[in-house]
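Notes for the one structure printed next.
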Amino acid sequence: MVRPPSPRPLPPVVLMLLLLLLLPPSPLPLAAGDPLPTESRLMNSCLQARRKCQADPICSAAYHHLDSCTSSISAPLPSEEPSVPEDCLEAAQQLRNSSLIGCMCHRRMKNQVACLDIYWTVHRARSLGNYELDVSPYEDTVTSKPWKMNLSKLNMLKPDSDLCLKFAMLCTLNDKCDRLRKAYGEACSGPHCQRHVCLKQLLTFFEKAAEPHAQGLLLCPCAPNDRGCGERRRNTIAPSCALPPVAPNCLELRRLCFSDPLCRSRLVDFQTHCHPMDILGTCATEQSRCLRAYLGLIGTAMTPNFVSNVNTSVALSCTCRGSGNLQEECEQLEGFFSHNPCLTEAIAAKMRFHSQLFYQDWPHPTFAVMAHQNENRALRSQPWVPSLFSCTLPLILLLSLW
């Protein structure tokens, strides 16, 4: 009786490929829950890229020349083509292969304005000769830390107090939030308030206050018939001082915004992350990014606000009257705030979340809450997928030969 041949052992290369397939996938990029990136943690900070450029005489000379072209190259609006002198075009060409191209900034980084100045100087180099739509200068990261709350301290309020009052009290009970809120409250009050001082303090509040406190104050839900709550919400940004007394033309407002690197950056960031993908309110990125970009506009020339005390519609404080042949462009800009399904749904989702905080039984009066907002995970890169397929195909071929 002939014994069947014993199976041959697997070749070492096959065993290695099997081992690779069993390894856990590579970690995902920075995502919710990770700490905020500092300048050193940014993929390519414009401040770091500028220092590298200074070490190269050719790059440094080209950057200085392009920077001196500021008066020659105006910041074009989307409907315009940039007018570029020949020498500026040549300087821009020399920077195309430098580390400055593609550099980014972060909203809460130190020397943010200096970083944005570098970004917009280099941005001319990116778009010269082939004008492109503006791209947000801020690194595309979402971070979210648990929010620790102690609702027992709200017992001093009446049980039927509206949620805007409760969120205001939570801010008051937090030293940092209370200090920053008082600063803009003082700057934005009184019959002779100075608008530019008020806007500066508003910008500081929404940039430095903890995000849950800032969002809770501005995006607190109100009952449909509670006009007092709606008025409190609408007055959060002190519109009587922060907004212009006479509504300017929206295109002029945008032109003013584009002349300031910070305002321009915030507007472009808003247009990037609150871009609606469909009429259902799907955002180009996550809703959390859209809301962060929206709050980032408060304190700039493009400060939006709620339209009335009875609903959650928002709009810019401007008009399209007198726009002439740019009427359609003006209405498109205005509609990006007042008729934006992505922004509308992001605000509604955050208000629903805020409402659940106070109408839900929690195991303990002091707890940590993590907001999970409609994140489009398909937008996140999956670095392990290519490696998985690159291992699988050779494995199949080797097994077939074996």
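The values are calculated or read from the model by the stated rules, or taken from the named source; none is laboratory data. As the structure is a prediction and not an experimental result, all values here were calculated from the model. Glycine gets a Cβ as well: all are built from the backbone with ideal geometry, and neighbour counts include every protein chain shown. Protein only, heavy atoms only, side chains kept; ligands, DNA and RNA dropped before computing areas. Shrake-Rupley method; radii C 1.70, N 1.55, O 1.52, S 1.80 Å.
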| task | Express the Stokes-Einstein translational diffusion coefficient of segment 154-356 in µm² s⁻¹, to the nearest whole number, given a Kirkwood radius over alpha-carbon pairs, 25 °C and a viscosity of 0.890 mPa s. | result | 141 µm²/s
| message | Order H106, H64 by their accessible area, 1.4 angstrom probe, all chains in place, largest first. | response | H64, H106
| query | Among A348, F337, C220, which residue has its Cα positioned farthest towards the positive end of the charge dipole of segment 154-356, with +1 placed on the Cβ of Lys and Arg, -1 on the Cβ of Asp and Glu, and the dipole taken about the Cα centre? | reply | C220
| note | Any residue on another chain or 5+ positions along whose placed amide H is under 5 Å from the amide H of T319 is listed here as N249, C250
| query | Where does each of I279, I101, I118 land when they are ordered by accessible area, with a 1.4 Å probe and the largest first? | reply | I279, I101, I118
| Taking a probe of 1.4 angstrom, what is the accessible area of F205 in Å², to the nearest 10? | 0 Å²
| request: Could you give the size of the charge dipole of segment 154-356 about its Cα centre, using +1 on the Cβ of each K and R and -1 on the Cβ of each D and E, expressed in debye and rounded to the nearest 20? | output: 580 debye
| request: With a 1.4 Å probe and every protein chain left in place, tell me how much accessible area K158 has, in Å² to the nearest 10. | output: 150 Å²
| message | Taking the solvent-accessible surface of protein heavy atoms with a 1.4 Å probe, what is the per residue accessible area of segment 154-356 in Å²? | response | 45 Å²
| remark: Two pseudo-spin positions, 7 Å from Cα along C-beta at T319 and at H64, lie apart in nanometres by 5.0 nm
| request: Excluding N309 itself, calculate the net charge of residues whose Cβ lies under 15 Å from the Cβ of N309, where each Lys or Arg counts +1 and each Asp or Glu counts -1. | output: +1
| message | With just the Cα atoms defining each centre, how far is segment 159-173 from segment 237-252? Give it in Å. | response | 28 Å
| query | How much length is gained on full extension from T282 to Q93, taking 0.36 nm per residue of separation minus their Cα-Cα distance? | reply | 64.3 nm
